[in-house]
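In what follows, a structure is listed as structure tokens, so that the remarks can point back to it.
The values are calculated or read from the model by the stated rules, or taken from the named source; none is laboratory data. Just so we're clear, the structure is a prediction, and the values are computed from it rather than from any experiment. Using ideal geometry, Cβ is built from the backbone for each residue, glycine included, and neighbour counts are taken over all protein chains shown. The accessibility values were calculated without ligands, DNA or RNA, using every heavy atom of the protein model including side chains. Shrake-Rupley method; radii C 1.70, N 1.55, O 1.52, S 1.80 Å.
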Amino acid sequence: SRSFDSITLFLRQWAFDWTGKGEPERVLGYVADGYFFGTLGVRAEAGRLYGPSDDRPGAPRVAVLSDGFWRRRFGADPRIVGTTLTFSDHPVTVIGVGFWDFNHGQTGVAPNAIELHAVTFFCSGLNC
């Protein structure tokens with residue numbers, strides 16, 4: 001008999017407008033449930049990845065940045081963890097950065113331009 005250790009939900013991909021230092025930028029992101037990173041066995045480059053406790057009603061809006069976005073826009077500064085960034089006029093606390101070889105559920109593949117990893121309750125009250 002075979003069974004799954006874990007399953008996860010990938011909800012959807014969409015574009016956010018990031019405003020911060022420098023010019024505003026359209027950033028591709030996605031929403032997945034709190035089991036996403038754990039199910040895929042991904043680790044953080046900086047900070048932590050979101051988990052089930054981040055994916056519940058009333059939880060603060062948190063996100064994980066891609067390694068590429070972190071390096072390109074923030075110079076790989078680990079102090080980005082814990083700061084608040086604005087995506088599409090909504091403040092989000094950065095809790096971590098995905099490991100450099102993680103590309104949207106695949107490791108060791110060409111980048112696919114996903115820059116923001118958000119948990120499902122990120123969209124609570126938004127039109128995502």
request  = Just name the residue that is surrounded by the fewest Cβ atoms within 10 Å (Cβ to Cβ) out of those in the range 37-69 that are of a type in the set (A, V, I, L, M, F, W, C) and farther than 17 Å from G82 by Cβ.
outcome  = L40
query = For the range 41-65, which residues satisfy the criterion of being touching a strand residue (DSSP E or B) at 6+ places or on another chain (Cβ under 7 Å) and either on the phi > 0 side of the Ramachandran plot or among the polar types (S, T, N, Q) (or both)?
reply = G47
inquiry  = Quick check on G82: is it out of contact with any Leu (no Cβ under 6 Å at 6 or more places or on another chain), surrounded by fewer than 18 Cβ atoms within 10 Å (Cβ to Cβ) and not in a helix (DSSP H, G or I)?
reply    = yes
query = Taking into account only those residues within the range 38-56 that are in contact (Cβ under 8 Å) with a residue 60 or more places away in the chain and farther than 16 Å from T93 by Cα, which is farthest from the chain's Cα centre (by Cα)?
reply = L40
ask   = Residue check, A63 against (1) without any contact (Cβ under 8 Å) to a residue 12 or more places away in the chain; (2) part of a strand (DSSP E or B), all met but one. Which one?
value = (1)
task = Would you be able to say whether some residue in the range 23-32 is open to solvent by less than 60 Å² (accessible area, probe 1.4 Å), assigned to a loop (DSSP other than H, G, I, E, B) and either at pLDDT 85 or above or over 16 Å from F99 (Cα atoms) (or both)?
result = no
